[in-house]
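The values are calculated or read from the model by the stated rules, or taken from the named source; none is laboratory data. In this text, all values refer to a predicted model and were calculated from it rather than measured experimentally. Using ideal geometry, Cβ is built from the backbone for each residue, glycine included, and neighbour counts are taken over all protein chains shown. Side chains included, ligands, DNA and RNA excluded: accessible areas come from the protein's heavy atoms. Shrake-Rupley method; radii C 1.70, N 1.55, O 1.52, S 1.80 Å.
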Amino acid sequence: MNRQRSIAASFAVTMLLIALVSACNKGEEKAVKGPNAPSGTGHDTVSDLALSEDGLGQIQIGMTLTEAVNMGLLNENPNMNPRCDFVFPAVGAGIPDGVSVMVVKGKIARIDVDTGSVTTEDGVKVGDTEDRVKSVYGDELKVEPHKYIEGGHYLTVMGDSASAGKALVFETDGKRVTMFRGGRLPEVKWVEGCG
């Protein structure tokens, strides 16, 4: 009986140590995509959910709203405009506040982020400086003046060949990223959302 208790205690201690080591190492994943990786300048840590031009976690650009709702990722919007509207993550989906999803004719077209708890795959997030975005994306970045914020910009990164027809767009106040989005063209560049 004592031997069984000893084995059970050893197992419990081992599992606790594994959990602690996993928790301690959780934030150590580094972004490696982009012109400066992996041997270039260091990047910030990538969030657990990183936005790319292809999607955010299991929410993928091009999937239907029905698929995302059935997977428990997004809420249905009973008053939704079928042409174009926004929906939000379902409670319990593990997606933080500050994320909204544009649905055009029943399909996910883009994902908007206005929270610092979500990064791009390259570690860029709300609050980062324009210089940081430029250093991460380099020549891939197209800079255009903001339509509504004097001195602000739209910083656009087109998808690679595997993500053709998609892009990331960062909005800035002229100094820092205020929000960003990823998705398909032309919707990802629509300034007024569905307007």
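Go through region 128-139 and give me each residue that's open to solvent by 30 Å² or more (accessible area, probe 1.4 Å) and at pLDDT 95 or above.
Listed by number, the residues that qualify are Thr129, Asp131, Arg132, Lys134, Ser135.
Considering region 140-167 alone, what residues qualify as being open to solvent by 60 Å² or more (accessible area, probe 1.4 Å), in a loop (DSSP other than H, G, I, E, B) and of a type outside the set (Gly, Ala, Ser)? So that I can check it myself, show each step before the final result.
First pass over region 140-167, keeping only residues open to solvent by 60 Å² or more (accessible area, probe 1.4 Å): 140, 142-143, 145, 147-150, 158, 160-162, 164.
Applying the additional criterion that residues be in a loop (DSSP other than H, G, I, E, B) yields 147-150, 160, 164.
Within region 140-167, Lys147, Tyr148, Ile149, Glu150, Asp160 meet the criteria.
Quick test for you: out of Asp128, Asp122, Asp112, pick the one residue that is within 26 Å of Gln60 (Cβ to Cβ) and either among the aromatic types (Phe, Trp, Tyr) or in contact with a Ser or Thr (Cβ under 7 Å, 6 or more places away or on another chain) (or both). Explain how you work it out, then say what you get.
Details: Asp128 fails: either among the aromatic types (Phe, Trp, Tyr) or in contact with a Ser or Thr (Cβ under 7 Å, 6 or more places away or on another chain) (or both); Asp122 fails: either among the aromatic types (Phe, Trp, Tyr) or in contact with a Ser or Thr (Cβ under 7 Å, 6 or more places away or on another chain) (or both).
Just one listed residue meets the conditions, Asp112.
Just the residues that are of a type outside the set (Lys, Arg) and out of contact with any Gly (no Cβ under 8 Å at 6 or more places or on another chain), please, taken from region 122-137. It would help to see each step written out before you state the result.
So in region 122-137, the residues of a type outside the set (Lys, Arg) come out as 122-124, 126-131, 133, 135-137.
Of everything in region 122-137, those that are of a type outside the set (Lys, Arg) and out of contact with any Gly (no Cβ under 8 Å at 6 or more places or on another chain) turn out to be Gly123, Val124, Asp128, Thr129, Asp131, Val133, Ser135.
Can you name the residue in region 52-93 that is of a type in the set (S, T, N, Q) and part of a helix (DSSP H, G or I) and, of all such residues, is nearest to Val169 (Cα to Cα)?
First, the residues of region 52-93 that are of a type in the set (S, T, N, Q): 52, 58, 60, 64, 66, 70, 75, 77, 79, 81.
Those left that are additionally part of a helix (DSSP H, G or I): 66, 70.
Values: Thr66: 26, Asn70: 28 Å.
Applying the filter and picking the extreme gives Thr66.
Kindly indicate the residue of region 145-166 that is of a type in the set (A, V, I, L, M, F, W, C) and in contact with a strand residue (DSSP E or B) (Cβ under 6 Å, 6 or more places away or on another chain) and also nearest to Glu130 (Cα to Cα) among those meeting that condition.
Of everything passing the filter in region 145-166, Leu155 is nearest to Glu130 (Cα to Cα).
Quick check on region 168-176. Is at least one of its residues open to solvent by less than 60 Å² (accessible area, probe 1.4 Å), under 20 Å from Asp48 (Cβ atoms) and within 17 Å of the chain's Cα centre (by Cα)?
We begin by selecting, within region 168-176, every residue open to solvent by less than 60 Å² (accessible area, probe 1.4 Å); these are 168-172, 174.
The next check asks that each one be under 20 Å from Asp48 (Cβ atoms); those that pass are 168.
Then drop every residue that is not within 17 Å of the chain's Cα centre (by Cα), which leaves 168.
Yes, that holds for at least one residue.
Could you count how many residues in region 97-114 are in a loop (DSSP other than H, G, I, E, B) and surrounded by 15 or more Cβ atoms within 10 Å (Cβ to Cβ)?
Let us first name the residues in region 97-114 that are in a loop (DSSP other than H, G, I, E, B), namely 97-98, 105-106, 114.
Narrowing the set further to residues that are surrounded by 15 or more Cβ atoms within 10 Å (Cβ to Cβ) leaves 98, 114.
The number of residues fulfilling the criteria is 2.
Just one of the numbered conditions (1) in contact with a Ser or Thr (Cβ under 6 Å, 6 or more places away or on another chain); (2) part of a helix (DSSP H, G or I) is not true of Val133; which one?
(1)
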